[in-house]
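Scroll down for the structure; my scribbles are underneath it.
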Amino acid sequence: MNPRLPAALSRNLRLPAICAPMFLVSGPDLVIAACKSGMIGAFPAPNCRTIEELEAWMVRITTELGPQDAAWAFNMVTHSSYPRFDAELELIATYKPPLVITALGGPQRVIETVHAYGGVVMADVNSIAFARKAVAAGADGLTLVCAGAGGHTGALGNTAFIAAVRDFFDGPVAVGGGISTGRGIAAVETMGADLANLGTAFIAADESLAQADYKDMVVEATASDVVISASVTGVPASWLRQSLERAGLDPDNLPAAQAVNFSHGGEPQKGWKDIWSAGQGVGAVTAIEPAARIIARLQDEYQAANARHGAMNTPSKMLA
Ligand SMILES: Cc1cc2nc3c(=O)[nH]c(=O)nc-3n(C[C@H](O)[C@H](O)[C@H](O)COP(=O)(O)O)c2cc1C
């Protein structure tokens with residue numbers, strides 16, 4: 001077992017990885033399926049239009065998951081313009097997600113509440129400066145958003161980002177961006193990460209909330225189809241070229257970036273609804289299939305990668 005991973009996270013983990021939170025994609029079905037297959041399952045709060053719906057999701061997740069399943073994670077916006085923060089914090093105190101992943105704002109506003117029940121707070125960061133800031137603010141762990149990620153992507157390559165963070169932080173680190181294979185999970189673990197953060201690999205899962213056309217597009221797409229642009233949401237994000245074209249946009253000549261605004265309070269932002277995101281690992285997605293099958297394949301690949309590297313690999317391996 002990896003000593004850097006707190007027990008709240010390593011519990012029943014059979015693959016050192018998170019099924020990452022994805023706007024308009026991750027719901028209770030995907031979270032539950034991931035946790036039952038031995039991976040941490042996560043969803044972002046803005047996927048629920050109302051706080052009542054959010055509570056219903058949390059009830060379902062906590063009811064359907066048992067002591068034999070991996071931990072689940074709640075991803076929340078902590079930006080000061082996000083209006084549902086207080087109500088969501090109350091739900092956290094009640095339903096006690098073992099992992100809270102903060103995004104678009106600092107982690108400090110949730111730490112006390114989460115620590116009170118033994119939970120862990122990891123902060124999504126996309127730069128070394130933000131990583132330092134999150135550690136200084138008391139985050140237990142970091143999720144490094146690297147180049148190649150789906151959604152709001154980072155610019156740093158994972159090798160350099162992990163190395164830079166390991167210079168000043170010895171706590172749990174998750175790494176995302178273009179990882180869609182078990183070999184990729186083994187690789188980032190070897191580089192110093194404790195968990196891989198996989199989003200794109202699960203967009204086309206049966207349990208994902210993505211509409212059928214989006215899943216088909218992900219199955220067809222390769223890394224060359226991923227266009228990075230700030231024009232849809234105001235911050236650099238990875239978009240599928242085909243969906244930009246379908247929305248009447250020219251991927252090679254996109255309009256100027258919009259202003260950042262997270263005050264939609266759960267209303268799907270038009271950009272995400274009509275224009276679809278995927279990261280550079282999209283080429284590894286070749287079928288619409290159950291999350292359990294995707295995770296079983298990732299576990300096989302992870303084991304094979306570690307067996308190939310044998311004694312060279314020292315980090316704790318989940319699959320003894
Ligand atoms: C469609 C989509 C939506 C996403 N939405 C969110 C989100 O709401 N909150 C968040 O913190 N990260 C979000 N992400 C980022 C993922 O949590 C994760 O960091 C990323 O998918 C990892 O890179 P990968 O897609 O290359 O595996 C999203 C990613 C995708 C593909």
Among residues of the stretch 174-229, those that are within 14 Å of the chain's Cα centre (by Cα) and over 27 Å from Ile61 (Cβ atoms), counted: 1
Qualifying residue in the stretch 109-120 (condition: within 25 Å of Thr222 (Cβ to Cβ) and either of a type in the set (Lys, Arg) or assigned by TED's automatic domain parsing to the domain that holds Gly41 (or both)): no
Residue match in the stretch 106-122 (condition: within 12 Å of the ligand (Cβ to nearest atom) and closer than 21 Å to Ala164 by Cβ): yes
Qualifying residue in the stretch 302-311 (condition: touching a Ser or Thr at 6+ places or on another chain (Cβ under 8 Å) and modelled with pLDDT of 85 or more): no
Verdict on Val218 being of a type in the set (A, V, I, L, M), in a strand (DSSP E or B), within 10 Å of the ligand (Cβ to nearest atom) and in contact with a strand residue (DSSP E or B) (Cβ under 8 Å, 6 or more places away or on another chain): no
Meets criteria (surrounded by fewer than 20 Cβ atoms within 10 Å (Cβ to Cβ) and free of Cβ contacts under 8 Å to residues at least 12 places away in the same chain) for Ala116: no
Candidates Leu249, Leu254 - the one that is touching a helix residue (DSSP H, G or I) at 6+ places or on another chain (Cβ under 8 Å) and modelled with pLDDT under 95: Leu254
Test set (1) buried (at least 16 other Cβ atoms within 10 Å of the Cβ); (2) among the small types (Gly, Ala, Ser); (3) in a helix (DSSP H, G or I) - Gly154 fails condition number: (3)
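The values are calculated or read from the model by the stated rules, or taken from the named source; none is laboratory data. All of these numbers come straight from a predicted model, not from anything done at the bench. Glycine gets a Cβ as well: all are built from the backbone with ideal geometry, and neighbour counts include every protein chain shown.
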